[in-house]
Each structure stands twice: as C-alpha cells, then as structure tokens.
Amino acid sequence: MLQDKPVPITKKGLGKLQAELDQLVTVKRREVADRIRTAKEFGDISENSEYEDAKNYQGWIEGRILTLEKTIRNAEIIKEPSKKAAGTVQLGSKVKVKDEYGEENFTIVGPVEADPKKGLISLESPVGKALLGKTAGDKVKVTTPGGSSTLHVLSVK
C-alpha cells in the first residue's frame, strides 16, 4: 500500500478540520438519515425527488468524512519558523510584499488551509513557491493565471 502524502497544516487549521469532522459525524449524519427515513414514508422511492436529494447529500457527507479523516490522519503540524531561518520565507511565515498594485500581507500555509481572500497562500501556489526561501529586500518574479508581476519582499516574520 502506498503511503499517504503528509499534509502540512497549522494547529488552528487542524482544529477547524476536526471540528468540521465532528459536526458531520455527530449531527449531519443523523439529519440526513432522518431525511431519508421521512422521504421513504412518502411511498414509491423511484420517483421521489426528496429521497434522491437526501441520498445524494448522504453520499457527499460520507465522502467529506473520508476526506477529512485522511487529511487529519496525515496532518503534519507546521512548527514555528526556527530562529536560524528567521527572516526567510517558509511554511508558517507572515510575509509583506509590494507590487504595482500596492502592499499585501500573506501567511504561507499548506494547501488544505489556503484561502487567498484571507491572505492564506498555499506553499504550492505560484506565489507561495516563488516566495519560499526569500528574505526582506528580495525581488521575485511570479507568473500566475492572471499574468506576470514582480513582488518586492518587504518583511518576513
């Protein structure tokens, strides 16, 4: 059997995944089972859209539970950046950059926690890959689906 790939994640991110898993297992499973039971009471299930919807939702819940369990099982907590590497962009670093549109702050996270709208950039994204190993003062050329730009690294914490 092939080993699953480690999933880099922060302690906070792991907590969120565990809370979602708990919610799905303890609450959502029961809710969907009740929906299926109620829909069966309507009679012929072959033409029962409520039953069909409930079964589809049940499939989604079970798939999500399996995904979360696998992710949690393979979670590798991101450690605080070491003192030796302080000032170098790495997993868990908070980075302030500037480009032609202004300044932005990013936190470099694992792909599971990535949420660009909240400034959480995956280390596997084009920007994340370009920033890894850089220090304040470095200039980085990044090619994204939106085009190319140059980022100036202002600070790394």
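The values are calculated or read from the model by the stated rules, or taken from the named source; none is laboratory data. If you're wondering where the values come from, they're calculated on a predicted model, not measured in any experiment. Heads up, the Cβs are rebuilt from the backbone with ideal geometry, glycines too, and the neighbour counts pull from every protein chain shown. Quick note on the areas: whole protein, heavy atoms, side chains included, nothing else; ligands and nucleic acids left out. Shrake-Rupley method; radii C 1.70, N 1.55, O 1.52, S 1.80 Å.
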- Query: Which far-off residues, 5 or more places away or on another chain, put their amide H under 5 Å from the one on ALA75, with H placed in the peptide plane?
  - Reply: VAL7
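May I ask for the net charge around ASP4, where only other residues with Cβ less than 14 Å from the Cβ of ASP4 are counted and Lys, Arg are +1 while Asp, Glu are -1?
Values: positive: LYS5, LYS70, ARG73; negative: GLU69, GLU76.
Neighbour charge sum, excluding ASP4 itself: +1.
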- Springs between alpha-carbon atoms under 10 Å, Gaussian network over the chain: tell me which of ASN74, ASN56, ASN105 tops the mean-square fluctuations. ASN56
- Message: Can you list residues from other chains, or at least 5 along the same chain, whose modelled amide H is less than 5 Å from the amide H of GLY92?
- Response: ILE108, VAL109
- Dipole of the chain, Cα-centred, from +1 at each Lys and Arg C-beta and -1 at each Asp and Glu C-beta, to the nearest 20 debye? 1060 debye
- Message: Cut-off 10 angstrom, C-alpha nodes, Gaussian network model of the chain. Which of PRO145, PRO111, PRO126 fluctuates the most?
- Response: PRO145
- Note on the structure: Between HIS152 and LYS12, the FRET efficiency computed from the C-beta separation at R0 = 22 Å comes out, to the nearest 0.05, as 0.15
- Task: May I ask you to evaluate 6.51 cos²θ - 1.76 cosθ + 1.60, the Karplus curve with θ = phi - 60°, for each residue of the range 38-50 and list the ³J(HN,Hα) values in order in whole Hz, giving x for glycine and proline?
- Result: 5, 5, 5, 5, 6, x, 3, 7, 5, 10, 10, 5, 5
- Task: Determine, from the Cβ-Cβ distance of GLU50 and LYS118 and an R0 of 25 Å, the FRET efficiency 1/(1 + (r/R0)^6), rounded to the nearest 0.05.
- Result: 0.10
- [x] 30.1, 110; [y] 21.6, 69; [z] 14.9, 57, with the label sought being that of the calculated Rg and Dmax of the Cα atoms in Å: [y]
- Hey, how many Å between the Cα centroid of the range 124-157 and the Cα centroid of the range 28-45? 51 Å
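Exceeding 26 Å between C-alpha atoms, which entries from my cross-link table qualify? They are LYS12/LYS118; LYS12/LYS129; LYS12/LYS139; LYS5/LYS139. If you can, show how the numbers build up before the last one.
Values: LYS12/LYS118 14 Å; LYS12/LYS129 22 Å; LYS12/LYS139 31 Å; LYS5/LYS139 31 Å.
From the list (LYS12/LYS118; LYS12/LYS129; LYS12/LYS139; LYS5/LYS139), the Cα-Cα distance tops 26 Å for LYS12/LYS139; LYS5/LYS139.
Out of the total accessible area of the chain (probe 1.4 Å, heavy atoms of protein only), what percent is carbon and sulfur? Can you show the working numbers first?
Working: 5490 of 10450 Å².
Ligands and nucleic acids excluded, carbon and sulfur give 53 percent.
Once you've got the Cα coordinates, tell me which of LYS28/LYS94; LYS11/LYS55; LYS28/LYS117; LYS55/LYS117 are over 31 Å apart. Intermediate values should be presented prior to the final figure.
Numbers: LYS28/LYS94 36 Å; LYS11/LYS55 34 Å; LYS28/LYS117 27 Å; LYS55/LYS117 33 Å.
As for pairs spanning more than 31 Å Cα to Cα, those are LYS28/LYS94; LYS11/LYS55; LYS55/LYS117.
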- Over the chain, what is the percentage of antiparallel beta bridges among all DSSP beta bridges, to the nearest 5? 75 percent
